[in-house]
Amino acid sequence: MRPVPRSRPKTRPAAGRGRHARLRSRLDRTPPINHPCSAMDVFLDTETTGSGPQDAVIELGVVAAQGEVLLHTLVAPLAPVTRGARRVHGITDEELADAPPFPTVADRLDTVLADAECVWTFGPTYDRRMLLQTAALAECPETHRRIQDSTWRDLQPDATRVLGDAERVALTDAAKRLDVSIPTEGHHHRALYDAKLARRVWTSVRRPASG
C-alpha cells in the first residue's frame, strides 16, 4: 500500500499575537487624545481612610510624565481607617504610626502642583475630592486653593475608548489588555504603584497629535 502523504497541520497565530495585532490596529485608528500629555504633567493617586465626608488621605503618590517619583508618603490619618478601606489597600495602623501629618506633606505637594501643567488620575474625581477634603480637615487653605486651581484630567475615558469598551475600564484591566509592564514594587491599591501604572497606561494609549 502506498503511504498517504501526511498533511501538515495548519498553523494559527497565537491568541496573544492576534489580540495584540487587533489592539494595535485599533490604536492606529484611534484619534489623538484630546489633551496630549506634556513633560510637565504628573500622575497622582491616593489611598484614604474611607470615602465619607470626614475621611482623609493616608497615602499619596505622584509620578512625573518621564517616570520620576516626585512624591510618595504615608500621611497621619485624620480619621480612623474604615474596615472597607483597609480591605482595599491593606495599610495598617502600625504603618501609619510614624507617618507625617498632612500639613507637612502639604508643603511638598504644593511644590509638585506648582510645577505641574496638569494632574492626571485614573478615575473621574475621587483623588481630587479627597485631597481637597483632607486639606480642609487639616486646615491648609493654601494647599486647598492650589489643589482647586490645578488642572486635573481623567485618563480612564481615554483608556476605555482605545480599548473599545462601553463601560469604564479598570486600571489593572487596562494595563493587562494593553500589555504594559507592571511596577515591580508594591501592589494595586497602593498610591505609588497605581500612579506608576496609570503613567504606563497613558504611555501605551497616547497618540501624537496631528498638525
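The values are calculated or read from the model by the stated rules, or taken from the named source; none is laboratory data. Everything quoted here is computed from the prediction, not taken from an experiment. We place every Cβ from the backbone using ideal geometry, glycine too, and count neighbours over all the protein chains shown.
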Across (1) touching a residue at least 60 places away in the same chain (Cβ under 8 Å); (2) over 14 Å from the mean Cα position of the chain (by Cα); (3) within 21 Å of Tyr126 (Cα to Cα), Asp149 clears everything bar (1)
Could you tell me which numbered condition Gln156 fails, if it satisfies all but one of (1) out of contact with any Lys or Arg (no Cβ under 7 Å at 6 or more places or on another chain); (2) buried (at least 18 other Cβ atoms within 10 Å of the Cβ); (3) at negative phi; (4) of a type outside the set (Val, Ile, Thr)? (1)
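For the stretch 164-183, which positions are of a type in the set (Gly, Ala, Ser) and farther than 15 Å from Asp154 by Cα?
Taking the stretch 164-183 first, the residues of a type in the set (Gly, Ala, Ser) are 164, 166, 170, 174-175, 181.
Once the filter is applied, which keeps residues that are of a type in the set (Gly, Ala, Ser) and farther than 15 Å from Asp154 by Cα, the stretch 164-183 yields Gly164, Ala166, Ala175, Ser181.
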In the stretch 51-70, what count of residues is obtained for those that are crowded, with 20+ Cβ neighbours inside 10 Å, over 16 Å from Pro183 (Cα atoms) and not acidic (Asp, Glu)? 4
Just checking, how many residues over the stretch 124-149 are surrounded by 19 or more Cβ atoms within 10 Å (Cβ to Cβ) and part of a loop (DSSP other than H, G, I, E, B)? 2
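Out of Ala166, Ala159, Ala114, Ala136, report the one residue that is within 22 Å of Leu74 (Cβ to Cβ) and not β-branched (Val, Ile, Thr).
Being within 22 Å of Leu74 (Cβ to Cβ) and not β-branched (Val, Ile, Thr) holds for just one of Ala166, Ala159, Ala114, Ala136, which is Ala136.
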If we keep only residues of the stretch 150-184 that are in a loop (DSSP other than H, G, I, E, B) and of a type in the set (Val, Ile, Thr), then the residue modelled with the lowest pLDDT is Thr184
From the list Thr111, Thr121, pick out the single residue that is of a type in the set (Ser, Thr, Tyr), crowded, with 18+ Cβ neighbours inside 10 Å and within 19 Å of Met40 (Cβ to Cβ). Thr121
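Could you list, in sequence order, all residues of the stretch 169-194 that are basic (Lys, Arg) and over 20 Å from Glu68 (Cβ atoms)?
Step one: filter the stretch 169-194 for residues basic (Lys, Arg), giving 176-177, 190.
Result: Lys176, Arg177.
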Among Arg190, Arg168, Arg145, Arg177, which is the only one that is charged (D, E, K, R) and under 16 Å from Leu44 (Cα atoms)? Arg190
